[in-house]
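Enquirer: So that we are looking at the same thing, I have put the structure below in structure tokens.
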Amino acid sequence: MKKIIIAFSLLGIFAISCTKQKGKEVAMERTEMANTANFQIHDAIVGSTRNYLQVDAKFVNGTGLAYGATFPSTPASFNIPAGFKAFSYFDTLATTTQVPMSFAQDLQSGASYTMFMYDSINAPKQMTVTNKIVVPNDTTARLRFANFVYNSGASIGTGFDIFSVKRNAVVFTNVSQTQVTDFIPYASALTDTFYIRTTGSSTNLTNGATTIFASLTPTRLRSYTLIFRGSYRATSGTNAKTLGTFVNY
């Protein structure tokens, strides 16, 4: 009798995982990791409010992503079967003016990826980078810097530096638009504040009179991304340039 109850319970769980949400077929969570790739999305598309990712015509996220959001937002990732996959990223709202994206990726088994969505709703773009995740064998964390600031389709013409208050030094230098650095070891359990500067400058960037900064208290063994996003020209409002952070692993 216990075996029968367990069997029916498992069937119930399976049935729930296969249900459709809001009329969309959502890809099932995979617990078998063989022959899969790990994935994470970050939305840096200026002006975006409600985006969904499809892989081979199946929705990945059940809730729309807005500018500045990461899916999954926790130190985790979703799994996609390895191989050549068709991706779509779009706003499902009937009145949206955002241009939809369709593209393909060849995913390697066991690899970890972050897909950065960036630019603007008029010309959204994507860049998929391989995450070189290394779990430290000490108490440190790991940190990288991604530059996806938007400038109305024009090149800003300079790289950017990240200054660490805790280290009293520049920790990333001359990072250009759409560039993502490798991870570097970083002290955990200590709060650090980061400022952004044009390369070679000692002046922190501002929005009007407000200095742009991000604070982070890394957890040991975790990996984080510090990201420069938003409109470079804007000096106020939701879409103004900013520094943000999210956890990768």
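Enquirer: Taking only the range 232-242 into account, find how many residues are exposed (fewer than 12 other Cβ atoms within 10 Å of the Cβ) and among the hydroxyl-bearing types (Ser, Thr, Tyr).
Expert: Residues in the range 232-242 being exposed (fewer than 12 other Cβ atoms within 10 Å of the Cβ) and among the hydroxyl-bearing types (Ser, Thr, Tyr): 1 in total.
Enquirer: Go over the candidates 229, 220 one by one and state the one that is within 16 Å of the chain's Cα centre (by Cα) and open to solvent by 20 Å² or more (accessible area, probe 1.4 Å). So that I can check it myself, show each step before the final result.
Expert: Details: 220 fails: within 16 Å of the chain's Cα centre (by Cα).
Result of the check over 229, 220: 229.
Enquirer: Please find, among 128, 97, the residue that is β-branched (Val, Ile, Thr) and part of a loop (DSSP other than H, G, I, E, B).
Expert: 97
Enquirer: Take the range 74-84 and flag every residue that is under 19 Å from the mean Cα position of the chain (by Cα) and either closer than 21 Å to residue 59 by Cβ or open to solvent by less than 20 Å² (accessible area, probe 1.4 Å) (or both).
Expert: 74, 76, 77, 78, 79, 80
Enquirer: Which one of these is under 19 Å from the mean Cα position of the chain (by Cα), of a type in the set (Gly, Ala, Ser) and surrounded by 18 or more Cβ atoms within 10 Å (Cβ to Cβ): 44, 123?
Expert: Result: 44 is the single residue among 44, 123 that is under 19 Å from the mean Cα position of the chain (by Cα), of a type in the set (Gly, Ala, Ser) and surrounded by 18 or more Cβ atoms within 10 Å (Cβ to Cβ).
Enquirer: Can I ask one more? When only residues in the range 48-67 that are among the small types (Gly, Ala, Ser) and open to solvent by 30 Å² or more (accessible area, probe 1.4 Å) count, which is nearest to the chain's Cα centre (by Cα)?
Expert: For the range 48-67, the residue satisfying everything is 66.
Enquirer: Every residue in the range 151-177 that is open to solvent by 50 Å² or more (accessible area, probe 1.4 Å) and farther than 18 Å from residue 229 by Cβ, please.
Expert: Scanning the range 151-177 gives 157, 165, 166, 167, 168, 170, 173, 174.
Enquirer: Among the residues of the range 178-187, is any within 16 Å of residue 116 (Cβ to Cβ), assigned to a loop (DSSP other than H, G, I, E, B) and open to solvent by 30 Å² or more (accessible area, probe 1.4 Å)?
Expert: Taking the range 178-187 and keeping what is within 16 Å of residue 116 (Cβ to Cβ), we get 178-183.
Still in the list and also assigned to a loop (DSSP other than H, G, I, E, B): 178, 181-183.
Then drop every residue that is not open to solvent by 30 Å² or more (accessible area, probe 1.4 Å), which leaves 178, 182.
Yes: one or more hits.
Enquirer: Among 104, 146, 94, which is loosely packed, with under 13 Cβ neighbours inside 10 Å and under 21 Å from residue 178 (Cβ atoms)?
Expert: Every option except 104 fails the conditions.
Enquirer: All but one of (1) surrounded by fewer than 16 Cβ atoms within 10 Å (Cβ to Cβ); (2) more than 30 Å from residue 139 (Cα to Cα); (3) touching a residue at least 12 places away in the same chain (Cβ under 8 Å); (4) more than 19 Å from the chain's Cα centre (by Cα) hold for residue 203; state the number of the condition that does not hold.
Expert: (3)
Enquirer: If you take the residues in the range 134-143 that are among the polar types (S, T, N, Q) and touching a residue at least 60 places away in the same chain (Cβ under 8 Å), which one is least open to solvent (accessible area, probe 1.4 Å)?
Expert: 140
The values are calculated or read from the model by the stated rules, or taken from the named source; none is laboratory data. All values reported here derive from a predicted model rather than from experimental measurement. Every residue, glycine as well, gets a Cβ built from its backbone with ideal geometry; the counts of neighbours run over all protein chains shown. When the accessible area is computed, the model is the full protein with side chains, heavy atoms only, and any ligands, DNA or RNA have been set aside. Shrake-Rupley method; radii C 1.70, N 1.55, O 1.52, S 1.80 Å.
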